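Read the structure below first, then the notes.
The values are calculated or read from the model by the stated rules, or taken from the named source; none is laboratory data. Because the structure is a prediction, the values reported are computed rather than measured. Reconstructed Cβ throughout: ideal geometry from the backbone, glycine too, with neighbour counts over all protein chains shown. Side chains are part of the model used for accessible areas, which takes the heavy atoms of the whole protein and leaves out ligands, DNA and RNA. Shrake-Rupley method; radii C 1.70, N 1.55, O 1.52, S 1.80 Å.
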Amino acid sequence: MIGPGEVPRLPRGVRVQADRVRGGWVLLAPERAVTLDAVGQAILAEVDGARSFGEICARLAAAFGAPEAQIAEDAGGFLNALRARLFLEITP
């Protein structure tokens, strides 16, 4: 799991981009792509390489009126899955 002080960031060559053909958002990496739903896009919109995971969760909890613990669990699972597929890096 990602700790509250750790900072997620997209590695070089990975970016979030609007998919004009199908609508919505995609996460693009060299020779790979992941279609994002609204939740995934909202989480990745907060990943800027400067905000800690705790700050991201607090911002999402405030924006969506959800308990921060639930946001941390859901966002952490999503980001860990991206990390396992090398779409995301975590710095301490």
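Listing for the model above:
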item: Rounded if a/c under 1.5, otherwise prolate or oblate - the chain, Cα gyration tensor axes; result: oblate
item: Restricting the stretch 17-92 to GluC sites (Glu not before Pro) in coil, as DSSP defines it, with at most 13 other Cβ within 10 Å; result: 31
item: Residue 36 long-range amide H proximity, modeled H, under 5 Å; result: 25, 26, 27
item: Label point distance in nm, residue 16-residue 64, each placed 7 Å from Cα along Cα→Cβ; result: 1.2
item: Accessible surface, per residue, of the stretch 1-85 when the full set of protein chains is kept, probe 1.4 Å, Å²; result: 60
item: For the stretch 25-76: rounded, prolate or oblate by the Cα gyration tensor [a/c cutoff 1.5]; result: prolate
